[in-house]
Amino acid sequence: MAEYREAGVPMLHMRPVVEKLRAELGTRYPLASAQLWLEPQGREIVARVQDEVGIEQSLWVVRTDDQMLPIDWTPPSHRFQESLKWSSPPLQLPVLVWATGTDRQVEIDPLRSFGEPVVRGVETSVLAELHRAGDPIEMIAELYELDVPQVVAAIEYEQRRAA
């Protein structure tokens with residue numbers, strides 16, 4: 001909502017957009033849905049709704065097709081988008097994050113290990129601690145039946161996390 005206000009969209013114009021998005025998406029807080037902002041289909045929904053309720057295009061916060069998006073989709077935003085796995089429709093909520101991006105080695109799943117980062121079910125902190133204690137990467141990989149690149153990804157993730 002703040003993004004719209006900062007862009008100069010009067011609240012009088014926002015209410016119909018929010019109500020229409022609530023009905024279409026079946027959620028009380030549609031503007032808080034990451035799906036709307038991270039997925040092209042979501043941005044298209046917002047652009048269409050803005051048009052349907054008659055908001056002047058110069059006040060649109062989201063534009064699609066041949067128009068420029070006024071929101072700056074930075075490389076970190078794109079990396080975050082690519083690191084998400086979504087649940088099935090109709091909810092389409094983020095259910096998994098690949099913590100190291102597109103290599104998909106380290107996963108964060110709220111339903112596994114209390115949301116702690118893991119590599120094939122093994123917490124990254126455990127693997128990194130073994131390495132800090134002096135165990136060779138190859139031995140750690142063999143102990144947990146992982147590939148060496150998986151152990152390396154876990155260790156690198158924990159090092160970035162600690163920095």
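The values are calculated or read from the model by the stated rules, or taken from the named source; none is laboratory data. What you see is a predicted model, and the numbers here were worked out from it, not measured in a lab. Reconstructed Cβ throughout: ideal geometry from the backbone, glycine too, with neighbour counts over all protein chains shown. Note: accessible area is taken over every heavy atom of the protein model, side chains too, but ligands, DNA and RNA are not part of it. Shrake-Rupley method; radii C 1.70, N 1.55, O 1.52, S 1.80 Å.
Label-to-label distance for ARG48 and ASP147 is 4.0 nm, based on points extended 7 Å past Cα in the beta-carbon direction.
Between ALA163 and ARG28, how high is the FRET efficiency from 1/(1 + (r/R0)^6) when r is the Cβ-Cβ distance and R₀ = 41 Å? Nearest 0.05. Present the calculation step by step, with values, prior to reporting the outcome.
Values: r = 38 Å, r/R0 = 0.93.
Efficiency, from the Cβ-Cβ distance: 0.60.
The largest accessible area among GLU116, GLU6 belongs to the first residue in GLU6, GLU116, and the rest follow in falling order (1.4 Å probe, all chains). Of the listed residues MET139, MET11, the order by accessible area with a 1.4 Å probe, largest first, is MET139, MET11. Ranked by the mean number of other Cβ atoms within 10 Å of their residues, highest first, the peptides 104-115, 145-156 come out as 145-156, 104-115. Ranking LEU84, LEU12, LEU130 from most to least accessible surface, computed with a 1.4 Å probe over the protein chains only, gives LEU12, LEU130, LEU84.
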